[in-house]
Amino acid sequence: MDRSGIEFSIPVIEVEGLSKHVALADGQGELRILQDIGFKVAAGESVAIVGASGSGKSTLLGLLAGLDVPGAGTVRLLGADLFALDEDARAALRGESIGFVFQSFQLLPALTALENVMLPLELAGADDARAVATQWLQRVGLGDRLRHYPKHLSGGEQQRVALARAFAPSPRLLLADEPTGNLDADTGRAIIELIFTLNREAGTTLILVTHDESLARRCGRMLRMQGGRLQEAVAHAGLGPDA
């Protein structure tokens, strides 16, 4: 246990024998997207999943969240077997436990920045959704953009709204899929610094999908995907934002 009180021996994610195959359109066999993946992520860890386009890393991230169903294998989120649950139960566990940051921001265009951040809090039944959402938007530097719609925000500002939305419900796990992919280099660096800072302050477990190995080395551990297989796991010491 570290000074923040996080017990690092408790797995947030446990993956065993995970495989995903899809039938080819011509009916001649199947495409193996993931093959026999297995690893664990402890509370408070930061883990990068790296690999070329088509290596299976985004498919793996979707399975970790229970957004897709594997052909074989298990994913346990906080001890719960995701694929032993029905779709509604998976969605409930996901809503309680996981925050998401996507390359394409995934903000609802008809909602203001404040309303986008309030939405997961309201779905969770929070009584103080407006106050919490306001605090998080102020935390990411958007206190003067509460009533702006996504179309009136820059890409970097939209990703800050997405970060506030992800962290506001106090998730145990943050899943980030190429979070700087749609941003210019300077804005991307600022967003990455913010992700690591917020993650450290909140004590959240981070799993980051990226093709950028310099970014991946900022995490405590790197999982490399190639051809649907987990090729190696590399531990890094002291390569976070404070290194």
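Below is a table of values for the structure above.
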quantity	calculated
Area accessible to solvent at HIS152, 1.4 Å probe radius, in Å²	110 Å²
Alpha-carbon Rg with Dmax, taken over the chain, Å	17.9, 56
Options GLY156, LEU206, LEU77, ranked by Cα towards positive dipole end of the chain, top entry (Cβ charges)	GLY156
Packing rank of 61-70, 43-52, 135-144, where each peptide gets the mean count of other beta carbons within 10 Å, highest leading	43-52, 61-70, 135-144
For the range 142-186 and the range 76-140, distance of Cα centres in Å	13 Å
q = 0.12, 0.20, 0.21 Å⁻¹: log10 I(q)/I(0) that the Debye formula gives for the range 82-153, counting C-alpha atoms only	-0.38, -0.91, -0.98
Global geometry of the range 148-192, whether rounded, prolate or oblate, following the gyration tensor of its Cα atoms and the 1.5 cut on a/c	oblate
Extension gain, ARG32 back to GLN135 (0.36 nm per residue minus Cα-Cα distance, nm)	32.6 nm
Of all accessible heavy-atom area on the range 6-100, the percent that carbon and sulfur account for (1.4 Å)	50 percent
Chain lengthening between ALA89 and GLN231 when straightened (0.36 nm per residue, less Cα-Cα)	47.9 nm
Mean accessible surface per residue for the chain, computed with a 1.4 Å probe while every protein chain stays in place, in Å²	48 Å²
Rounded, prolate or oblate (a/c below 1.5 giving rounded, otherwise prolate when a/b exceeds b/c) for the range 109-243 by Cα gyration tensor	prolate
Shape call, the range 126-200: gyration tensor on alpha carbons, a/c limit 1.5	oblate
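The values are calculated or read from the model by the stated rules, or taken from the named source; none is laboratory data. Predicted model, so just to flag it, every value in this text is computed and none were measured. Cβ sites come from the backbone with ideal geometry, for glycine too, and all protein chains shown count toward neighbours. The accessibility values were calculated without ligands, DNA or RNA, using every heavy atom of the protein model including side chains. Shrake-Rupley method; radii C 1.70, N 1.55, O 1.52, S 1.80 Å.
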